[in-house]
Each structure stands twice: as C-alpha cells, then as structure tokens.
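Participant: Got a structure here, written out as structure tokens. Questions coming.
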Amino acid sequence: MTDVAASPQPMVLAEGVHKSFGRNEVLKGIDLVVQPGQVMVVIGPSGSGKSTFLRCINHLEKIDAGRIRVDGILVGYREAGDKIYELREREVAERRAQIGMVFQRFNLFPHMTALENVVEAPVQVKGMARPKAMGLGRDLLEKVGLGDKFRAYPSQLSGGQQQRVAIARALAMDPKLMLFDEPTSALDPELVGDVLDVMKDLARAGMTMVVVTHEMGFAREVGDELVFMDGGVVVEHGPPREVLASPRHERTKAFLSKVL
Amino acid sequence: MVLVVAWIVAGVARVVDADTIRHYLFNRLILDGLRTTLVVAVLAQLIGIVLGVVLAVMRLSKNPVTSTTAWGYIWFFRGTPVLVQLLFWFAAVPLAFKTFSLGIPFTHVTFYEKPMVTFMTSFVAALLGLGLNEGAYMAEIVRAGILSVDEGQVEAAHALGMTPGLTMRRIVLPQAMRVIIPPTGNEFISMLKTTSLASVVLLGELLREAQNVYTANFKNLELLIVASFWYLVLTTIASIGQYYLERRFARGSARELPETPVQRIRRNLSLWTRARVEP
C-alpha cells in the first residue's frame, strides 16, 4: 500500500462513498486511493457494488454521500462549504473527457467503422482536426493489433476485436485514468487473452487503471493493489499476491475458493 | 375471386372513355396539379420531420415543462381531424386575426407585417395544416426510434465526454434512423394522398384540378382515373426511394447488405447471357 501522505495528488481518492438504488444501499462507505501509474484491480461477487463504484468515478452514477476526487477534482459536483451540488451536464462532460472507460459489452457505435469509432470523440469533443485524428486513430488501432480492421464495422468484428477497438477509442481522448468494467466477461474464453495483453501493455506503459474483473491471473501479474468488495463495502485490500495467497478475511477466502 | 375482379374490370372498361383518359393524362392543368401535390407533400413532410424530432427530444426531456408541452402538442394535433385543422388555418384564422406579423413579442419591433388574408394563401394553409399535423405523428415515430437505441450507447458517448446534445446528434439519432425510416416512408406515402384534402382550402393540387376539369366536361370517372394513376405513380416512386433509404441506414447492422432488385435482375441476366454464350 502506497503512503497517501507521501504522494501529493492521488489519481483517485474516494472517501465515504454511499450510493443507493431506491431502498437498496449498494455502496456503504467506500474509501479507496489510487496513485498515479497504479493498477487497482477490484474483485468481488456479483451485486457487491464493484461496478457501481466504478461508474461513480466518472459520474455515470450519482453518489448520495461522500466524495470521489479524480486528480484532485470532483467529476460530477462542485463543493460549496460541506455540501456538494451536481454540475451542469456540459461541465460534467468536460471533466469526463479525461477519464477513459471500457464496458463489459463494448458499446461500440455500430453505425461507424472501427476507425470512425476511435476518431469520433477527439474530433467532436476536443475539436481535433480530422486528418490528425485519423492518424492518431490508425496508430491506436495498430497498437491494439487491429491495423487491418480500420474500415470494419463492429458487427464484422469478433468480441475480442470489438473490445480492443473500444480500448483504442477510450485512449484516443488521451485520458489520465482508465476504468475497465469487466472488460473480458462477455468474451469467448479464447479471445480473452488478446484483450488482457493490450491491458497489460497499457499498465506497463504507466497508465493509471481501475479494473473490475474476475481475471485473477491479470490481477496477480499487473495489479499493484487488489480490492475485494462484498455487500457494498471494501472487505480487504492489499498487494494482489498477498491477498490471493493468504486472504485474511473469511469472506475473501470463501470467494477466492470459488473462483480460483 | 379472380373472376369477380375480371368482371368488375370488364364492366368499368365498357363504360370508360379511353380517349378522354389519354387526352387528360398529360394535360397542363393535371400536370400543374401533380406538381403542386408533390411540392406540398414534400414540404409538409419536411416540416413534420423537423417538428417531430424537436417534439420527440422535448418529450423525452427530464424537464417536466418541456415534456408536458410536447405531450400537449401531440395530444391536440393527433386528436383532431386534419381536415378540421386545414379549415382552421384557412377559414378561421384570417377571420380571427386581421394581420400577420413577425416581431419581438410585447415590443413594437416588427420585421414583417401583412394582412392575414394575403398571407394565409391556400398554399400556406395547406403547409401549416398538413405539416403541423404530421409533426405530431412524426414525434411519436422519432420517440420510438430514440427509445430503441441501447442505453449503453449513451453511456459510452457520455464516458467519452460527449454532451447530451452531441450524443443525441452523433450517436443516438443516426442509430434511431433504422427504426424511424420505415414508418416515415409510410407517412410520406400517406402524405402524398392526404394532400388531396387540401382541395377544401382551394389548393390547386391534383384532385382539385381533376375536379375542375370534370365539373366542366362531366367526365368524372375518367378524370378520377387520371388522378388515381398519378397518385399511384407518386406512391410507387416513394416506395422505391424508401427501399434504398432503408438499405443505406441498415449499414453496420447487417454483415452484408442484401442485393437490390436491380442487382438481382442484372446478375440473373448476366448468368443467362453467359449460359447462352458458353456452350
């Protein structure tokens, strides 16, 4: 665990995050810190609140209490005294542009080719000149191993290829933080490896990442911090090898015995 | 069944004067009417589409004032007959409001002012009556289209930093098109025919021109056949256009587009000629 005080500005700083859907409280006070360049892997049974927490980081979900700061700023709110007020959608959009997100079900834009998917946000959001964006898009697609698929539509690509386009699309905005919401859960087993390889390259290149996943191998290999969530709370966290080899908590042990 | 149809056709053929039909098919008055029908149908449909998109987005807005306004518009314009709406614009509005003026409300600034009777011509009344009515129907079609787009698309766009407006324009509406276009094609085909109602506001469209001719020469049946012929031509062309539009917007959803009828005929022809040459 990195010492919070030693580092001036954590990339993600969550304090006492609460979130309910109706009467169902899914996050019951989450405190987490992700340092720049760190890879945090979040695991836990379904319904543990791990995906919800991830979606709160870029304000796809509102929070009911607490604070989530990304690089020092609240993404969806402004602070006045000890109260927070939700920002206007335009302001939220501006802040979200610096956070990349990859979804379980890819969510590529089906009416655009792979290259158009990657180019869309830099051109429309950042106002980048189209030729420059196209160059960037081609570089990124080549980087994720899809140099021959520029003109393919999502429906013509396998799940693994689609997810790699989705990663390239998120990277095209040059984000300072990448969020992965079970990026390999919807993939056929033989396609998982390609996507994980791209993510490992990204981690080694120093990208700050929060990854919700069931891939323990990935956690062990590139994770700096493993977080086990259950019932809306962080049950246990620490270096992945330690947590996986000798979990301290009963619930962690029970969960790991099922998935390992 | 076939016999019954044949009997009716034969019966009609016996009383119809084919020369009259031939004579009036390309008559100047009829062709003028045809042009007016086409122009009014296209413009009214365009008004309807633009209005429909605006109303649909308003209807889905989180702001209750905005969504209720759209709901009220749709409720009113869908709930009253289009014939009444046409008469309202043409026959009631000029009596109730003496002048038409464009300006800033509650000030004395006006950009444009005209007596209402000269502004509200048959043409303007037809466009307003048909277009505003169509807007209500298009709103429901566009709304269904927007709702058909996966929520994940909006989330992905938002996660990339796109604003709601940009997301609607670049991501949601283009995908909604696939659901919007088939019923819109139907609406346009229906609009081509509904323009005939504008004959009540004295618009010189196809039906009115045909009527004008047959009140003079009593060739009612022949002229109604002429009018029907042109309506069929218009709706047939519109159906073909609809087919190609649907194909265009299926892009990305189907792995390979099916061949068009023209392509199929060409392929069959080339197979046939090759088969004849080769042996």
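The values are calculated or read from the model by the stated rules, or taken from the named source; none is laboratory data. Computed from a prediction, not measured in an experiment: that's the story for all the values here. Cβ: placed from backbone, ideal geometry, glycine included. Neighbour counts: every protein chain shown. Areas reflect the complete protein model, heavy atoms only, side chains present, ligands, DNA and RNA absent. Shrake-Rupley method; radii C 1.70, N 1.55, O 1.52, S 1.80 Å.
Participant: Of the residues that sit in region A:70-105 and are within 24 Å of A:M40 (Cα to Cα) and open to solvent by 60 Å² or more (accessible area, probe 1.4 Å), which one is farthest from the other protein chains (Cβ to nearest Cβ)?
Facilitator: That would be A:I73.
Participant: Taking B:A157, is it over 25 Å from B:Y243 (Cα atoms) and either among the basic types (K, R) or within 14 Å of chain A (Cβ to nearest Cβ) (or both)?
Facilitator: Considered against the rule, which asks whether it is over 25 Å from B:Y243 (Cα atoms) and either among the basic types (K, R) or within 14 Å of chain A (Cβ to nearest Cβ) (or both), B:A157 comes out as yes.
Participant: Between residues in region B:11-38 that are surrounded by 12 or more Cβ atoms within 10 Å (Cβ to Cβ) and residues that are of a type in the set (S, T, Y) and part of a helix (DSSP H, G or I), which pairs lie under 9 Å by C-beta distance while being six or more apart or on different chains?
Facilitator: B:I30/B:Y24; B:T36/B:T195; B:T37/B:T195; B:T37/B:S196; B:T37/B:Y231; B:L38/B:T195
Participant: Which one of these does A:G137 not meet: (1) open to solvent by 20 Å² or more (accessible area, probe 1.4 Å); (2) within 14 Å of chain B (Cβ to nearest Cβ); (3) in contact with an Asp or Glu (Cβ under 9 Å, 6 or more places away or on another chain)?
Facilitator: So the condition that A:G137 fails would be (1).
Participant: While we're here: Can you confirm whether A:Q104 is over 13 Å from A:N58 (Cα atoms) and in contact with an Asp or Glu (Cβ under 7 Å, 6 or more places away or on another chain)?
Facilitator: Spelling it out, A:Q104 is indeed over 13 Å from A:N58 (Cα atoms) and in contact with an Asp or Glu (Cβ under 7 Å, 6 or more places away or on another chain).
Participant: Among (1) part of a helix (DSSP H, G or I); (2) open to solvent by 10 Å² or more (accessible area, probe 1.4 Å), which single condition is A:E15 missing?
Facilitator: The number of the failed condition is (1).
Residues are listed down the side, and each one gets a yes or a no for (1) more than 12 Å from chain B (Cβ to nearest Cβ); (2) in a helix (DSSP H, G or I); (3) over 12 Å from the mean Cα position of the chain (by Cα):
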| position | (1), (2), (3) |
| --- | --- |
| A:V165 | no, yes, yes |
| A:A170 | no, yes, no |
| A:D174 | no, no, yes |
| A:M178 | no, no, no |
| A:T184 | yes, no, yes |
| A:D194 | yes, yes, yes |
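Participant: I need every pair where a residue in region A:146-162 that is over 16 Å from A:Q104 (Cα atoms) and without any contact (Cβ under 8 Å) to a residue 40 or more places away in the chain has its Cβ under 6 Å from the Cβ of a residue that is in a loop (DSSP other than H, G, I, E, B) and open to solvent by less than 20 Å² (accessible area, probe 1.4 Å), sequence separation at least 6 or different chains.
Facilitator: A:R151/A:T113
Okay, residues lined up against (1) under 24 Å from B:G52 (Cα atoms); (2) surrounded by fewer than 15 Cβ atoms within 10 Å (Cβ to Cβ); (3) within 20 Å of the chain's Cα centre (by Cα); (4) not β-branched (V, I, T):
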site: B:F100; (1), (2), (3), (4): no, no, no, yes
site: B:F106; (1), (2), (3), (4): no, yes, no, yes
site: B:V109; (1), (2), (3), (4): no, yes, no, no
site: B:Y112; (1), (2), (3), (4): no, yes, no, yes
site: B:V117; (1), (2), (3), (4): no, yes, no, no
site: B:G129; (1), (2), (3), (4): yes, no, yes, yes
site: B:L132; (1), (2), (3), (4): yes, no, yes, yes
site: B:S148; (1), (2), (3), (4): yes, yes, no, yes
site: B:M168; (1), (2), (3), (4): yes, no, no, yes
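Participant: How about region B:247-279: which of its residues are open to solvent by 70 Å² or more (accessible area, probe 1.4 Å) and at pLDDT 75 or above?
Facilitator: Selection gives B:R248, B:V262, B:Q263, B:R264, B:I265, B:R266, B:R267, B:N268, B:L269.
Participant: Related question: Being open to solvent by 30 Å² or more (accessible area, probe 1.4 Å) and in contact (Cβ under 8 Å) with a residue 60 or more places away in the chain is true for just one of A:A203, A:A129, A:A186, A:A166. Which residue is that?
Facilitator: A:A186
Participant: Checking the condition of a type in the set (A, V, I, L, M, F, W, C) and touching a Pro at 6+ places or on another chain (Cβ under 8 Å), which residue from A:V75, A:V41, A:V70 passes?
Facilitator: Sole residue among the options that is of a type in the set (A, V, I, L, M, F, W, C) and touching a Pro at 6+ places or on another chain (Cβ under 8 Å): A:V41.
Participant: Take the residues in region A:141-163 that are open to solvent by less than 20 Å² (accessible area, probe 1.4 Å) and under 12 Å from A:E116 (Cα atoms), then tell me which one is nearest to the chain's Cα centre (by Cα).
Facilitator: Selected residue: A:L141.
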